[in-house]
There are 2 protein chains.
Amino acid sequence: MNSEQQAALAARYGKDAIPPAGPWNAVIAELLAHRSIRAYRPDPLPANTLETLVAAAQSAATSSNMQTWSVVAVTDPATKAVMAEVANGQKHIEQCPLFLVFLADLSRNERLAAEEGTTLEGLPYLETFLVAALDAALAAQNAVVAAESLGLSTVYIGALRNDVVRVARALDLPPGVMGVFGLCIGYEDPARRAEVKPRLPQPAVLHHERYDASGEPAHRATYDAALSDFSIRNEMSATRWTDRVLARWGKIRSLHGRDELKAALRQLGFPLR
Amino acid sequence: MNSEQQAALAARYGKDAIPPAGPWNAVIAELLAHRSIRAYRPDPLPANTLETLVAAAQSAATSSNMQTWSVVAVTDPATKAVMAEVANGQKHIEQCPLFLVFLADLSRNERLAAEEGTTLEGLPYLETFLVAALDAALAAQNAVVAAESLGLSTVYIGALRNDVVRVARALDLPPGVMGVFGLCIGYEDPARRAEVKPRLPQPAVLHHERYDASGEPAHRATYDAALSDFSIRNEMSATRWTDRVLARWGKIRSLHGRDELKAALRQLGFPLR
């Protein structure tokens, strides 16, 4: 293991849970160094960065080549303000020069069928909605990797799902289209630089041949310690991962309205059969 | 635009729909060159490649750091045969040296709560299932980018969703865990090399400030021609994208059982409230 790889794995897993070292290169180093950034400089992006990011996004796999996702590029401050409001006031949405809203989009295929004088029986199903949401996620992650390769930073905004109907209204989305998440893109504010966040020890997530959770309590203890250390170094309050999970999903109210997502999706034209 | 960028954009969009050229580098070139590969050599992967790919996958963003995904690495031929059967006999599942099954996994957080003597009210919702499926997708796409950077090829296997209950049984998945898709990883069979597949013209997918489908019919005509050309060059039968969409989702039977996904997910412990 070279020293760069050692340092990258230690940052990602904590010093007590470094996994075996496999092959390594500059792309993998970039992926390992990912950090979600929540403070941006106002500087604009280089010309046509958006088109490069979307080309990378469209190059991701898409189920049966159905391409059931779209993206709205938002730079208008008034629209970004609406998005920030939906997301409980996350200021970085207004700060970043480019805010992308990734869409699960079955409407394009529906329009195609209508123009061909037919309908698509397969569209109204949960499966088809899931395909569209997954397509959007694969595309978005390629955009993130491309952005980071250009020295840009990003953060996903899942909190757009707090009110997908309001997002749809603000972006003129037709029926059969839903904002799955947002993505802030811009240059990190160097005054608020964040560390790589440690993840669960690899054996807690990676199973061989069959699912086996027998070692999990020990891995969780290791991780609770690593994340507490990270929290002290970065936010000044020690919090175990365990406590974060309990806080995030312990009570329905912490879903911030997303417990109504199913009804909202039906309103947007996804029957979820 | 340099000639490499020009060629990459022409391959991805067809020569009649090349988008404006933005910034460019080796990572973006790799992303643009993605091809899904369905024919593999039997050659094994370098030592600890799996651990490198999973480290890349775990480095992807995960909603609120909840890390609601896991992965089972399958190399056992008997299990791969089951997976291939679920996926309508896709032979590359048995050919590739490493088959990953990416899991939406709420069970780890559920076990955590049980060990802490409490329950998570937020788990039984459609939103929480969606978070887990999206987490799995972001992770998987990072694994794909890492694999391709190492000269490996991949293909997603969404057809595992034809029978998620059988997949769960074969992999000993506990309640609250679902195989979202598989991923073949290995070395491409050079005898069956595939071209980069063109995608829809960028303006059909990328919207500015508001969703606007007004130009769509023209973009679809351009794309139908590009995909027909691609089909002739690669598969010997000209098929428009339009016809592929109608064939994929026109009739319920072409969902191959995935019209029952909602009931199957409930059986696996996702109430989808």
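The values are calculated or read from the model by the stated rules, or taken from the named source; none is laboratory data. For clarity, every value in this text was computed on a predicted model and none was experimentally measured. Note that each Cβ is placed from the backbone with ideal geometry, even for glycine, and that neighbours are counted across all protein chains shown. Ligands, DNA and RNA are excluded from the accessible area calculation, which covers all protein heavy atoms including side chains. Shrake-Rupley method; radii C 1.70, N 1.55, O 1.52, S 1.80 Å.
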Next item on the list: On the full set of protein chains, 1.4 Å probe, figure out the accessible area of A:His92 and give it in Å² to the nearest 10.
Entry: 20 Å²
Next item on the list: Place the label 7 angstrom along Cα→C-beta at B:Ala263 and in each other copy, then list the distances from the first to the rest in nm, shortest first.
Entry: 2.7
Next item on the list: Over the whole of A:128-140, what's the average partner chain Cβ count within 10 Å per residue? Rounded to a whole number, please.
Entry: 6
Check: Rounded, prolate or oblate: which one fits the range B:188-273, using the alpha carbon gyration tensor with axes a ≥ b ≥ c (rounded when a/c is under 1.5, else prolate when a/b beats b/c, else oblate)?
Finding: oblate
Check: From the label point of B:Arg192, set 7 Å from Cα along Cα→Cβ, how far away are the matching label points in the other copies, in nm, ordered shortest to longest?
Finding: 5.1
Checklist line | Shape call, the protein assembly as shown: gyration tensor on alpha carbons, a/c limit 1.5 | finding: rounded
Item checked: Candidate lysines for bridging to B:Lys262, where Cα separation is under 29 Å - those fewer than 8 sequence places away on the same chain excluded -> A:Lys251, A:Lys262, B:Lys80, B:Lys91, B:Lys251
Note to self: Taking 8 Å as the Cα distance limit and 6 or more residues as the minimum spacing, I'd like the relative contact order of chain B as a percentage.
What the structure shows: 25 percent
Note to self: Rounded to the nearest 10 Å², what accessible area does B:Tyr223 have for a 1.4 Å probe in the complete protein model?
What the structure shows: 0 Å²
Item checked: Solvent-accessible ranking of B:Lys251, B:Lys262, B:Lys15, largest area first, probe 1.4 Å -> B:Lys15, B:Lys251, B:Lys262
Notebook entry, point to check: Where is the GNM fluctuation largest for chain A (alpha-carbon springs, 10 angstrom cutoff): A:Ala84, A:Ala114, A:Ala55?
Noted result: A:Ala114
Next item on the list: Could you work out the mean count of beta carbons from other protein chains within 10 Å of each residue's beta carbon in B:186-199?
Entry: 1
Check: Which helices count as membrane-span-like in chain B under these terms: full DSSP H, at least 30 Å along the axis by C-alpha, Kyte-Doolittle mean of 0.0 or more?
Finding: B:126-149
Next item on the list: Please give the average number of partner chain Cβ atoms lying within 10 Å of the Cβ of each residue in A:10-20, rounded to a whole number.
Entry: 2
Notebook entry, point to check: Accessible surface of B:Ile37 in the full protein assembly, 1.4 angstrom probe, to the nearest 10 Å²?
Noted result: 10 Å²
Checklist line | Ascending list, in nanometres, of distances separating the B:Ser237 label from those of the other copies (7 Å, Cα toward Cβ) | finding: 6.1
Next item on the list: Can you bin the range B:160-225 into rounded, prolate or oblate? Criterion: square roots of the alpha carbon gyration tensor eigenvalues sorted a ≥ b ≥ c, rounded for a/c under 1.5, prolate for a/b above b/c, oblate for the rest.
Entry: oblate
Check: Roughly how big is the protein assembly as shown's charge dipole about its Cα centre, with Cβ charges of +1 (Lys, Arg) and -1 (Asp, Glu), in debye to the nearest 20?
Finding: 620 debye
